[in-house]
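Peer 1: Let me begin by handing over the structure; questions about it come next.
The values are calculated or read from the model by the stated rules, or taken from the named source; none is laboratory data. From a predicted model like this one, the values you see are computed outputs, not experimental measurements. FYI the Cβ positions are ideal-geometry reconstructions off the backbone, even for glycines, and counts take in every protein chain you see.
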Amino acid sequence: MTENQGGNDGSEDPGRREARAYQGAMEAVFSVPVAIGLGYWADSRFGTEPIGILVGAVLGFAAFVVRLMRMRPKNDGEDE
């Protein structure tokens, strides 16, 4: 393994770090409309308007928050 391929020492290539951040942000942002779309589909399929859209919005937002929490840098043992 070469020096700049990342690891436990925090020496990750800046381009790779930016790409991971961009990927994570896109996953987080698209989770809300995808979940709302699935809720809309469920509403039209089962005739449960507006329950599916509301559930989809809540689940999409929860997925958004979880993804953002996983993207944030780790505090190496520091308690707040």
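Peer 1: Residue 29 - would you say it is surrounded by 11 or more Cβ atoms within 10 Å (Cβ to Cβ), in contact with a helix residue (DSSP H, G or I) (Cβ under 8 Å, 6 or more places away or on another chain) and either in a loop (DSSP other than H, G, I, E, B) or modelled with pLDDT of 95 or more (or both)? I'd like the intermediate steps shown before the answer.
Peer 2: Values: surrounded by 11 or more Cβ atoms within 10 Å (Cβ to Cβ): yes; in contact with a helix residue (DSSP H, G or I) (Cβ under 8 Å, 6 or more places away or on another chain): yes; either in a loop (DSSP other than H, G, I, E, B) or modelled with pLDDT of 95 or more (or both): no.
Spelling it out, it is not the case that residue 29 is surrounded by 11 or more Cβ atoms within 10 Å (Cβ to Cβ), in contact with a helix residue (DSSP H, G or I) (Cβ under 8 Å, 6 or more places away or on another chain) and either in a loop (DSSP other than H, G, I, E, B) or modelled with pLDDT of 95 or more (or both).
Peer 1: For the stretch 35-48, enumerate the residues that are loosely packed, with under 13 Cβ neighbours inside 10 Å and either assigned to a helix (DSSP H, G or I) or of a type in the set (Phe, Trp, Tyr) (or both). Even if it seems obvious, please write down each step before you answer.
Peer 2: We begin by selecting, within the stretch 35-48, every residue loosely packed, with under 13 Cβ neighbours inside 10 Å; these are 44-47.
If the condition is that a residue be loosely packed, with under 13 Cβ neighbours inside 10 Å and either assigned to a helix (DSSP H, G or I) or of a type in the set (Phe, Trp, Tyr) (or both), then 44, 45, 46 are the ones that fit.
Peer 1: Related question: Does the stretch 49-69 hold any residues that are of a type in the set (A, V, I, L, M, F, W, C), surrounded by 13 or more Cβ atoms within 10 Å (Cβ to Cβ) and either in contact (Cβ under 8 Å) with a residue 40 or more places away in the chain or closer than 20 Å to residue 25 by Cβ (or both), and which are they?
Peer 2: 57, 59, 61, 62, 63, 64, 68
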